[in-house]
Amino acid sequence: MPDIVNKTENTYSNEIGRFAKNLSHPNVGLFNQLRGISVVHGNLKDLSPKVRSYVEANIDLCTPERVHICDGSDNENGQLLKLMQQQGTITPLLKYENCWLARTNPADTARVESKTFICTENKSETIPTPKDGVKGALGNWIAPRDMDSAIKERLMGCMTGRTMYIVPFSMGPVASPLSKIGIELTDSPYVVASMRIMTRMGKEVLEKLLQGAEFVKCLHSVGTPANGFVEMPSWPCDPERTIILHRPKDNEIVSYGSGYGGNSLLGKKCFALRIGSTIAKREGWLAEHMLILGITNPQGKKRYIAAAFPSACGKTNLAMMTPSLPGYKVECVGDDIAWMRFDSNGQLRAINPENGFFGVAPGTSNSSNPIAMKTIFKNTVFTNVASTSDGGVFWEGMEDEVSGDVRITDWRGNQWVKGKNSSPAAHPNSRFCTPAGQCPIIDPAWEDPEGVPISAILFGGRRPAGVPLVYEARNWKHGVFVGAAMRSEATAAAEHKGKVVMHDPFAMRPFFGYNFGDYLRHWLSMEERSSNLPRIYHVNWFRKGSDGKFLWPGYGENSRVLDWILRRLDNEDCAQETPVGYLPKSNSLNLDGLKEKVDLNELFSLPKDFWSEEVSAIEKYFSEQVGKDLPNEISDELAGLRKRVNAM
Ligand code: GTP
Ligand code: SPV
Ligand code: MN
């Protein structure tokens, strides 16, 4: 029998509307209802009691007009694509197979870090206590009471007249013991179609839930501005009141006001990193902002490497790299997130919890990332890229890929002429959302339920000055310090303006689910779990010369750096000790066949002035931002670096 609707005055008229809708849906009997609302797709009996009560509570909160239980089928996806075309959210890209272009409201184009909060009873569980008078920069805390009222203010009735989609998804292969399940409730068909690419979504997951599996609760609404005026009906959102909330205690995420990327595809940063890191802390593993790649050397020896670079700093590119060094083969396991734990032999193993790539479009080309170009031209949703008059896409970096006679329409929908328009054709944070399985170099073990064995961990960022191409950490503790001391230029992936060099420890600053000091302790504790820890490296593809140009060609040439790292793992004597760590001995980086002329002295130089300032900046950051939460081991490492740099 249908549940009884709460007959408050507010909902009564809605309910009459719903009843009329029920009659107009011949397929929906009154027996397939949730809270008196017709289920227009899917079947109630597919929902476990726990899922059902989560859904019902949020129907009461959001008052949608219809409910759609997603099964992940082609048929369902086809219906959603049709609906989105009718609403003007997407247009087909006829040059390719099953590819679509979405244009967002220009006010909704990236993650909003300033509006992202973690909710715990005590603030100190979420962020270290900054020094008096200093604003914390390691995440935002919200009190439970404030989270509750923020939700109430924004989400009450937010789906009136809309469909609530129930999206069951798995982060990681459904069969893997390392995977976790989520349920996203959303009023955005774009989110549903994207979640189908980015996660394992649908029937299989519902079945697992029926067997009693736990799930992370993910509630999402694109919202409606407070004055009721939706500026762009094809992309409703509420930028003024956007908020992204996480309550680790209840494995709960609530996101309101944005349809974009990490704000709305809740499996990604919200679940796999923020909530994921809190689960990982409890369960003794690591949830990290890292790519995973497999690399086979010319002797046929294969190893796996994980690498943490901040947003828009080269993870996708490295994960799919075409090595310029002959005899090397790179295969891709994942391009953004790694869940890693030590197995019973003390071997660190990683899975990619995602099922697709949500990659930065600008800069992707046949010369920089040919593998991505072979991946993305079927079954892909492009967002905020430019389009061409022959039904294709365009972005900065694709100049050589389009014929001269096509007309270009920019990401906002205006005519765009190269050289004439000063603004870019594609938004700098425009993205492709594409199935990982289509990648021609996807690793044969990418869905291995046990994960792949990790031999090395790389940290890196955009460092225009002072930081050498590559160095090896002295040991695990020093490696954890290197991660903690990471800095990088801001990019378009979030709302930061300009190219200011920001601290971004572990490339996780926007993604920590709990106090960074405790996170460091957790990393340090890995030494107790294994006698076979991966070695840790720092890389920098982005150092610039006095002419302002990159000193290193990057992309496929980064294979030369991986080659040096693999030789180190084989204990080759190719490193020399320096104050910052082990650098390549001169002539030990293989430069055979390198076409560009590279100024190796500048690329590897360690200017004393720079490093003195760097140490001071790290010292200031730790003391202002982490304070008493900084583990002693890390202050000892800092003191050690200070001493070595002073002696330079
Ligand atoms: P998120 O998806 O935001 O986490 O970004 P990401 O870390 O995957 O970055 P991605 O690989 O998409 O690269 C971002 C930008 O950096 C692109 O415009 C790339 O062209 C550029 N880039 C990547 N690798 C290199 C490199 O080795 N050298 C240079 N100069 N640029 C690079
Ligand atoms: C990032 O910003 O690190 C991304 C894109 O990978 S988003 O999904 O928007 O977080
Ligand atoms: Mn990312």
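Every number in this text was worked out from the coordinates using simple rules, so none of it is lab data. Everything numeric in this text was worked out from a predicted model, so none of it was measured. So basically every Cβ, Gly included, is an ideal-geometry build from the backbone, and we count neighbours across all protein chains shown.
Brief remarks follow.
- The dipole here belongs to segment 493-648: it is taken about the Cα centre, uses +1 on the Cβ of Lys and Arg and -1 on the Cβ of Asp and Glu, and is about 280 debye.
- Residues whose amide H lies under 5 Å from that of residue 117, counting only those 5 or more places away or on a different chain, are 244, 245, 246; hydrogens are built 1.01 Å from N in the peptide plane.
- Violating pairs (Cα-Cα greater than 32 angstrom) within the set 95/497; 82/249; 123/268; 203/374: 95/497; 82/249
- Sites listed here are trypsin sites (Lys or Arg not before Pro) in segment 57-159 whose DSSP assignment is loop and whose Cβ has at most 15 other Cβ atoms within 10 Å: 95, 131, 135.
- Rounded if a/c under 1.5, otherwise prolate or oblate - segment 528-638, Cα gyration tensor axes: oblate
- Each Lys or Arg adds one and each Asp or Glu subtracts one; over the other residues with Cβ under 9 Å from the Cβ of residue 235, this totals -1.
- Cross-link table 131/499; 180/628; 152/378, entries beyond 31 Å C-alpha to C-alpha: 180/628; 152/378
- Electrostatic bookkeeping for residue 490 treats Lys and Arg as +1 and Asp and Glu as -1; over the other residues with beta carbon under 13 Å from its beta carbon, the sum is +3.
- Hits among lysines - C-alpha to C-alpha of residue 302 under 17 Å, sequence gap 8 or more where chains match: 329
- Between residue 153 and residue 636, the contour length at 0.36 nm per residue exceeds the alpha carbon distance by 169.2 nm.
- Fully extending the segment from residue 135 to residue 98, taken as 0.36 nm per residue of separation minus the present Cα-Cα distance, adds 8.7 nm.
- Three-way shape call for segment 434-585 based on the alpha-carbon gyration tensor, with the a/c threshold at 1.5: rounded
- Counting Lys and Arg as +1 and Asp and Glu as -1 over every other residue whose Cβ lies under 9 Å from the Cβ of residue 452, the net charge comes to -2.
- Reduced Cα scattering model of the chain, Debye log10 I(q)/I(0), q = 0.11 Å⁻¹: -1.11
- Ordering 472-479, 156-163 by mean Cβ neighbour count within 10 Å, with the highest value first, yields 472-479, 156-163.
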